[in-house]
1. Output the relative contact order of the stretch B:68-346, whole-number percent, from Cα pairs under 8 angstrom with separation of 6+ residues.
2. From the protein chains alone at 1.4 Å, what is the descending order of accessible area for B:Ser2, B:Ser188, largest first?
3. Just B:Leu311, B:Leu197, B:Leu242 to compare: in a GNM of chain B, with alpha carbon springs under 10 Å, which one fluctuates most?
4. Around B:Gly202, what is the net charge, scoring Lys/Arg as +1 and Asp/Glu as -1 over all other residues with Cβ under 10 Å from its Cβ?
5. Quick check: from the Cα gyration tensor, does the stretch B:31-144 come out rounded (a/c under 1.5), prolate or oblate?
6. Need one value: the accessible area of B:Thr161 in square angstrom, 1.4 angstrom probe, rounded to the nearest 10.
7. Can you give the net charge of the other residues whose Cβ lies under 10 Å from the Cβ of A:Ala128, counting K and R as +1 and D and E as -1?
8. If you rank B:Ile251, A:Ile22 by how much accessible surface each has, with a 1.4 Å probe, what is the order from largest down?
Amino acid sequence: MAATAAGIVATGVGVSLDGHRILSDIDLVVAPGEVVALVGPNGAGKSTLLAAISGDVAISEGSVDIAGRPLGSYSHLALARERAVLTQDNQLSFPFTVGQVVSMGRSPWARTDRYDEDEVAIAEAMVAMDVDQLATRRFTSLSGGEKARVSLARVLAQRTPIVMLDEPTASLDLRHQEDVMRAVRTLASAGCAVLVVVHDLSLAAAYADRVAIVARGTLVAAGPPQQVLTAAQVSSVYGLPVDVTLASGRPVVVPVRERRL
Amino acid sequence: MSRLARGLTLSLILAVVVVAGITLSSVIGQLAISPAQVAGSLLRAVGIDNGWAPDDPIIESTLWVVRFPRIVMGLVVGAALAVAGAVMQAIFGNPLAEPGVVGVSSGAALGAALGIVLASAGLSAFTSSWATAGLAFAGGLGATLLVYAVSRSNGRTEVVTLLLTGIAINAFAGAGLAFLLFAGSAASREQIVFWQLGSLNGSRWQEVAIVAVVSVAGLVVALVIAGRLNLLALGERSARHLGVNVEALRIGSIILVALLTGVAVAFCGIIAFVGLVVPHIIRMAIGPSHRPLILASAIGGGALLVYADLLARTVVAGADLPIGMLTSLIGGPFFFFLLYRQRKRSGGWA
């Protein structure tokens with residue numbers, strides 16, 4: 001499909017909320033087959049940027065193209081067939097089972113030819129996120145980490161060419177963090193454009209093709225991890241001295257800590 | 001038990017309960033009528049002549065003028081209220097939202113009372129019954145919109161805010177009703193009191209038909225939007241990401257709730273807690289998925305009111321208790337229990 005070859009293209013995006021300028025002049029491209037990690041300090045505007053690109057927050061300047069068409073030209077349903085979004089909010093109002101929650105990810109495809117994929121898509125997503133054992137459990141009875149994985153499984157089951165994830169690794173243990181980021185890589189190798197907000201810079205460096213640093217509402221740097229995540233750059237953005245070493249050719253960021261005796 | 005087995009068991013139980021309720025309500029009363037006579041009369045009505053059918057015109061008219069319209073009214077009003085409750089809980093994302101509790105019913109009753117007072121001021125009987133229904137709908141709609149606007153923030157509704165909003169609306173509507181009682185004539189006073197307490201007494205086929213049409217149409221709409229209501233449980237943002245036009249769904253659902261509650265209140269007065277108790281029990285039995293939930297709630301709500309009405313007209317010999325009083329007697333403690341449980345689970349009132 002030629003149209004989907006375009007992934008996400010954000011040009012000169014600015015967002016103002018209640019008269020406050022949250023984001024200004026952001027240019028960001030996520031091509032199909034690529035994982036772009038969005039990093040930056042708390043309150044830098046990462047989640048707002050994600051919300052603007054996913055269509056939740058109206059942009060006041062610039063433009064966002066999804067799969068080659070302006071964001072505003074999509075109906076809700078058409079957009080849901082192009083992009084899936086994981087928010088940080090893992091609440092559920094009623095005690096649906098894990099299986100039911102994951103199958104909600106298939107709802108945009110109801111009454112289309114891709115309806116036939118439902119069972120396979122749900123099963124694969126649940127295995128990828130290691131939640132297939134939980135299928136009959138009630139979502140509301142799960143731990144925070146389990147909820148996060150189930151929500152991600154729902155997003156995977158949606159099977160869209162564009163995937164946006166807001167801190168998918170936030171409440172996960174070491175192993176599940178790696179599982180999630182591997183699943184993100186698998187998506188990209190299958191041709192998806194993936195934009196993921198992460199706090200762990202080393203995790204971003206290890207799995208992303210490119211890293212974009214957002215600070216104070218602007219895009220400070222974007223490029224391959226080795227070029228962007230330098231000690232000088234990270235220190236200045238976070239206001240904290242850091243050491244950057246290399247592990248398997250990827251940067252590992254560690255704050256400079258005073259040795260305690 | 002698997003979900004399907006639970007669903008089938010529940011359907012079977014509900015079917016038995018409904019049929020038993022209808023039979024009991026037809027048979028029991030000041031004039032005892034045998035089940036065979038009821039069956040015979042029903043068969044004759046659909047054109048099958050049989051030996052069971054009663055020859056006594058008093059029995060015939062008791063069944064067809066008094067009991068049957070009342071039973072059908074109970075079924076359709078119960079269905080309307082239970083479906084309204086289930087839909088309201090879905091859009092508020094809160095199992096404690098209920099038309100009676102949050103003030104939609106009293107808003108509708110205020111509208112209905114206004115209609116009654118205006119009618120006694122000189123409208124014809126036909127216009128006045130429609131004016132009453134229309135004003136009940138308008139009152140219910142206004143109350144729903146108000147609760148919705150006040151009690152939601154960031155796409156969620158907190159229990160405290162919801163209940164406090166309900167208190168405020170109930171207080172305002174109560175004051176409005178008191179004023180209309182004060183201002184109205186003796187006859188309209190009596191009617192307003194009737195509205196406040198709720199009753200199926202004196203249901204006529206024309207009224208039953210109006211409520212039935214609205215209830216069935218509302219049920220169909222609710223079943224159509226059920227899948228989208230499921231997605232709303234994920235929160236408004238996630239529902240939107242899955243292709244739901246949340247704003248349209250919200251407005252549509254509010255109108256649906258107001259319509260169902262309004263039509264029930266307009267003809268039968270305030271019958272509270274049906275929309276709270278019934279969906280809650282169904283949810284415990286078969287889970288929260290909205291299509292089966294709404295369908296089973298409609299049937300369960302109908303059954304509940306048929307039994308409640310049977311109680312209302314038989315528990316005190318020779319008197320017809322207000323049905324709204326009975327449902328509140330049962331529903332009030334149940335609501336306490338739900339509050340207590342929710343509080344224990346979430347550790348506070350948030």
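The values are calculated or read from the model by the stated rules, or taken from the named source; none is laboratory data. All values derive from a computational prediction rather than experimental measurement. Please note: Cβ atoms are built from the backbone with ideal geometry, for glycine as well, and neighbour counts cover all protein chains shown. To get the accessible areas, we keep the full protein, side chains included, count just its heavy atoms, and leave off ligands, DNA and RNA. Shrake-Rupley method; radii C 1.70, N 1.55, O 1.52, S 1.80 Å.
1. 35 percent
2. B:Ser2, B:Ser188
3. B:Leu242
4. 0
5. Note, shape of the stretch B:31-144 comes out oblate.
6. Result for B:Thr161: roughly 50 Å² accessible.
7. -2
8. These residues rank, largest area first, as B:Ile251, A:Ile22.
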